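The values are calculated or read from the model by the stated rules, or taken from the named source; none is laboratory data. Please read all numbers here as calculations on a predicted model, not as lab measurements. All Cβ positions, even for glycine, are placed from backbone atoms using ideal geometry, and neighbour counts span all protein chains on display. The protein model used for the area step is the full one, side chains on, heavy atoms only, and it has no ligands, DNA or RNA in it. Shrake-Rupley method; radii C 1.70, N 1.55, O 1.52, S 1.80 Å.
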Amino acid sequence: MFKDNWIHALAELDQRGEPCVMVTVLADRGSVPRDAGTKMLVTRNEIIATIGGGHLEHKAIKLAREMLLTGDRHPRVEHFNLGARLGQCCGGMATLSLEPIGQQQHHLVLFGAGHVAKALIHIVSTLPFRVTWIDQRESEFPAELPLGVTKLVSDDPVGEIRDMPANSYYLVMTHNHQLDFELAREILNRNDTAYFGMIGSLTKRKKFDYRLSQRGYDDETIRRMVCPIGIDAVKGKHPAEIAVSVAGELIAHYQGETLADKRNDSAATEPNDSPDNQVA
């Protein structure tokens, strides 16, 4: 008996923010492995349920994973003759639909619940991010959090980094420069981050660069820390303005754009060089 357990699996995938392609037998004629209405879910690493196995299923999985790899969001309908050319002897005809479901979600770890973080959280919650929002102060969190945001009140924010999934995005926006530095060290130690940004001026960046180098971090590792953060074209010191700028940088990153090198000497003439320009 086939285990068509895709309904519960689809709910779990949605909760994890993992995209998939739903493959459905739309129509069948003659002898086919499974009847119309049969469904299968395909993720990048998993197959849930079955449309009957064999070369038909193999072909469907290949097409589905190509869609996931390229980010194709358009449903497709494919017709298959289950004859010798496809390597199956059923002799029937099958029509499959391939429907992308969900959007790839990234995990963002946000440290600090200050004014900029509060403004930013409302923006990133509308983007393909699941957010873990960490601060030592329970009172700083708003009473209601946007969907997809989990607050974590912790006396040891640095220790929380060890439990975060690989390829996470990190934003450090705390009210304490020493805590920022300890967070930076722990994040850089992981060596598996998708993005690491820290709020602050170019002056703060230079001080942190020096302190990190004195503790044995090489230049290539230090360069993984983006500071100042945000798109240069968006100016202003209002929390909402900084939040929009930072969100723009996150979008550019997950869309595959190359981020500007914030450590260039030419950046010293930019407004970001004010120690008070970016405040949490």
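Say whether the condition of being in contact (Cβ under 8 Å) with a residue 40 or more places away in the chain, surrounded by 13 or more Cβ atoms within 10 Å (Cβ to Cβ) and closer than 25 Å to A247 by Cβ is met by at least one residue in region 189-196.
Yes: one or more hits.
Go through L147, L98, L108 for me and flag whichever is in contact with a Pro (Cβ under 8 Å, 6 or more places away or on another chain) and not small (G, A, S).
It is L98.
Take region 109-128 and flag every residue that is farther than 23 Å from D163 by Cβ and of a type in the set (S, T, N, Q).
Correct list: T126 only.
Whether any residue in region 194-203 is more than 24 Å from the chain's Cα centre (by Cα), of a type in the set (A, V, I, L, M) and either part of a helix (DSSP H, G or I) or on the phi > 0 side of the Ramachandran plot (or both) is what I want to check. Outline the logic, then answer.
Going residue by residue through region 194-203, those that are more than 24 Å from the chain's Cα centre (by Cα) are 201-203.
Adding the requirement that they be of a type in the set (A, V, I, L, M) leaves 202.
Narrowing further to those that are either part of a helix (DSSP H, G or I) or on the phi > 0 side of the Ramachandran plot (or both): 202.
Yes - at least one qualifying residue is present in region 194-203.
Name the strands (runs of 3 or more DSSP E) wholly within region 61-178 that hold at least 3 residues that are open to solvent by less than 20 Å² (accessible area, probe 1.4 Å) and closer than 30 Å to T38 by Cα?
In region 61-178, 93-101 are the strands (runs of 3 or more DSSP E) which contain 3 or more residues that are open to solvent by less than 20 Å² (accessible area, probe 1.4 Å) and closer than 30 Å to T38 by Cα.
Looking at A243, A184, which is the one that is of a type in the set (A, V, I, L, M, F, W, C), open to solvent by less than 10 Å² (accessible area, probe 1.4 Å), over 18 Å from D261 (Cβ atoms) and part of a helix (DSSP H, G or I)?
Going through A243, A184 in turn, just one is of a type in the set (A, V, I, L, M, F, W, C), open to solvent by less than 10 Å² (accessible area, probe 1.4 Å), over 18 Å from D261 (Cβ atoms) and part of a helix (DSSP H, G or I): A243.
Table: residues versus (1) touching a Phe, Trp or Tyr at 6+ places or on another chain (Cβ under 8 Å); (2) without any contact (Cβ under 8 Å) to a residue 12 or more places away in the chain; (3) more than 30 Å from V25 (Cα to Cα).
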{"residue": "G71", "(1), (2), (3)": "no, no, no"}
{"residue": "L98", "(1), (2), (3)": "no, no, no"}
{"residue": "G102", "(1), (2), (3)": "no, no, no"}
{"residue": "H106", "(1), (2), (3)": "yes, no, yes"}
{"residue": "G114", "(1), (2), (3)": "no, no, yes"}
{"residue": "R130", "(1), (2), (3)": "no, no, yes"}
{"residue": "L152", "(1), (2), (3)": "yes, no, yes"}
{"residue": "P157", "(1), (2), (3)": "yes, no, yes"}
{"residue": "T174", "(1), (2), (3)": "yes, no, yes"}
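Anything in region 217-240 that is part of a helix (DSSP H, G or I) and open to solvent by less than 50 Å² (accessible area, probe 1.4 Å)? List them, or say none.
Passing the criteria: T221, I222, P239, A240.
For region 38-56, give me the residue count where each residue is outside any strand (DSSP E or B), within 20 Å of H74 (Cα to Cα) and open to solvent by less than 50 Å² (accessible area, probe 1.4 Å).
Here is the first cut: in region 38-56, the residues outside any strand (DSSP E or B) are 38, 43-46, 49-56.
Filter again for within 20 Å of H74 (Cα to Cα), leaving 43-44.
From what is left, the residues that are open to solvent by less than 50 Å² (accessible area, probe 1.4 Å) are 43.
Number satisfying all stated conditions: 1.
So the check is Cβ under 6 Å with 6+ separation or different chains; which pairs have a first residue in region 4-26 that's closer than 16 Å to L68 by Cβ and in a strand (DSSP E or B) and a second one that's open to solvent by 60 Å² or more (accessible area, probe 1.4 Å) and charged (D, E, K, R)?
M22/E99
Every residue, every condition in (1) of a type in the set (G, A, S); (2) in the same structural domain as F208 (by the TED database); (3) modelled with pLDDT of 95 or more; (4) under 19 Å from the mean Cα position of the chain (by Cα), yes or no:
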| position | (1), (2), (3), (4) |
| --- | --- |
| S125 | yes, yes, no, yes |
| R137 | no, yes, yes, no |
| F141 | no, yes, yes, no |
| P146 | no, yes, no, yes |
| K151 | no, yes, yes, yes |
| N167 | no, yes, no, yes |
| L183 | no, yes, yes, no |
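What number of residues within region 27-37 are touching a residue at least 40 places away in the same chain (Cβ under 8 Å), in a loop (DSSP other than H, G, I, E, B) and of a type outside the set (A, V, I, L, M)?
Residues in region 27-37 being touching a residue at least 40 places away in the same chain (Cβ under 8 Å), in a loop (DSSP other than H, G, I, E, B) and of a type outside the set (A, V, I, L, M): 3 in total.
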